[in-house]
1. Around VAL373, under 14 Å between beta carbons, what's the net of Lys plus Arg minus Asp minus Glu among the other residues?
2. What FRET efficiency comes out for LEU365 versus ASN130 if R0 is 41 angstrom and r is the Cβ-Cβ distance? Round to the nearest 0.05.
3. For region 129-412, please report how many Lys pairs fall under 23 Å Cα to Cα, leaving out neighbours fewer than 8 apart on the same chain.
4. Classify region 153-294 as rounded, prolate or oblate from the Cα gyration tensor: take a ≥ b ≥ c as the square roots of its eigenvalues, call it rounded if a/c is under 1.5, otherwise prolate when a/b beats b/c and oblate if not.
5. Taking θ as phi - 60°, what are the ³J(HN,Hα) couplings along region 202-210 by the Karplus curve (6.51, -1.76, 1.60), each to the nearest whole Hz, with x for Gly and Pro?
6. Provide the per-residue ³J(HN,Hα) series for region 355-372, in order, calculated from phi with Karplus coefficients 6.51, -1.76, 1.60 and θ = phi - 60°, each as a whole number of Hz, with x at glycine and proline positions.
7. Show me, for region 402-410, the HN-Hα J-couplings you get by feeding each phi into the Karplus relation (A = 6.51, B = -1.76, C = 1.60, θ = phi - 60°), rounded to Hz, glycine and proline as x.
8. From the square roots a ≥ b ≥ c of the eigenvalues of the alpha-carbon gyration tensor of region 165-224, which class results: rounded (a/c under 1.5), prolate (a/b over b/c), or oblate?
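Values in this text are rule-based calculations from the coordinates and carry no lab data. All values reported here derive from a predicted model rather than from experimental measurement. Every residue, glycine as well, gets a Cβ built from its backbone with ideal geometry; the counts of neighbours run over all protein chains shown.
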Amino acid sequence: MNRREWMIAACAAAVGALVVAAPVALISTAQHASASGAGSSLAGAPSPGEASSSPTAVEPTAPSTLECCGSGTLDAEGVGAAAAEGSQDVQNDAKPSTKESEGTAASAAAVVSAAPPAAQVPRCPAATVNVGTADALAEALEAAQPGDVIGMADGVYEGNFVAEASGTSSEPIVLCGSQDAILDSGGPKEGYVLHLDGASHWTLLGFTVRNGQKGVMADGSQGSVIAGLTVHQIGDEAIHLRGHSSDNAVIGNTIFDTGLRRDKYGEGVYVGTAQSNWCDITDCKPDNSDRNLIQDNTIYDVTAEAIDVKEGTSNGAIRGNSFDGSAVTSDGGDSWVDVKGNQWLIEGNVGESSPNDGFQTHEILEGWGAGNVFRDNVADVGGPGYGISLTPSLDNVVACSNIVTNAAEGYSNVACI
């Protein structure tokens, strides 16, 4: 049983009648340990019987209650009593009025409805083009046509690889290989390992990306899938969607060992472009990299946020991911997830060991960092901040269905609904 499953089970036991949705399946402990070499603390979650390693719930109010699911404590009947009355874990005495609550709930429902649906890691179809050398791979990428399936044999492919051709929604171009098919650019300052440069409707599946300044870079890519990759030994961020890259899915990847060139830029997944770089990337306009799905990724040993969502992006989903923030540096970040875009849905994620807060929003630019929804996340923070911190709150929504433990400041800096 993994950490998220155990924590949800603990909540269910505490309230008796509480019904908890089945957790999203995560990459197995064996796969995680194999990828990391030494393994990660995410793989060593305690079983329910190991009382000595049980997490400390945020400010329990009485032995008969467990504040696992929001600012409202769940009593023996499973009733969220303090959701109506406030509790010690919410450092905000102001309660929303009924009308405000109804409006906030309606806004949250709209965000949930507009979010990208869940997806699965696809299978690699039968190859139409087989490659076994770096030169053959470069040639196949250059000559790719809609419907091509480029199959990589196991081995190390040295170089910087670029795709510029596009598939279609009905006939994507597929590049796939096993974890032992390795793209390697030679070091943490050596450019992009794999660059989708204006290339849309690609599926990248199963192989390993390592030893570059950036792992997978998608510029202006639409409808592409980055799935089941192992991305590590990276100078800056592992996977980056930018330049109006929209309607893409980053799912089921294992990401670790980033920030080797500059820890400040060592994010696991980075969506969009900071406003300070819009003139370089998007003609001084917001980088509207919208409706992207970041799901079921395992991210650890990164020096900055596991997922960083920039101002200018909207209507994406961060769902079912697993984070360990124990390697995040003071220069790199202070949370697992930092959302500066609008109307993102952040749900069903599991995190442990953050240097400050678990999840954050920020208003870097007026009109951005608003309308985001946090629900059903499990945050074993282990840090001095909140489980979920909104700066400022704007019309972001924190649901009472999140589970927060070991957060020194409490559940959130705003009341949950």
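1. -1
2. 0.30
3. Number of lysine pairs found: 10.
4. Oblate.
5. The phi angles translate into 10, 10, 9, 9, x, 8, 10, 10, 8 Hz.
6. Those phi angles translate into x, 8, 9, x, 10, 9, 10, 9, 9, 6, 9, 3, x, 10, x, 10, x, 8 Hz.
7. Those phi angles translate into 6, 10, 10, 9, 6, 10, 4, 7, x Hz.
8. oblate
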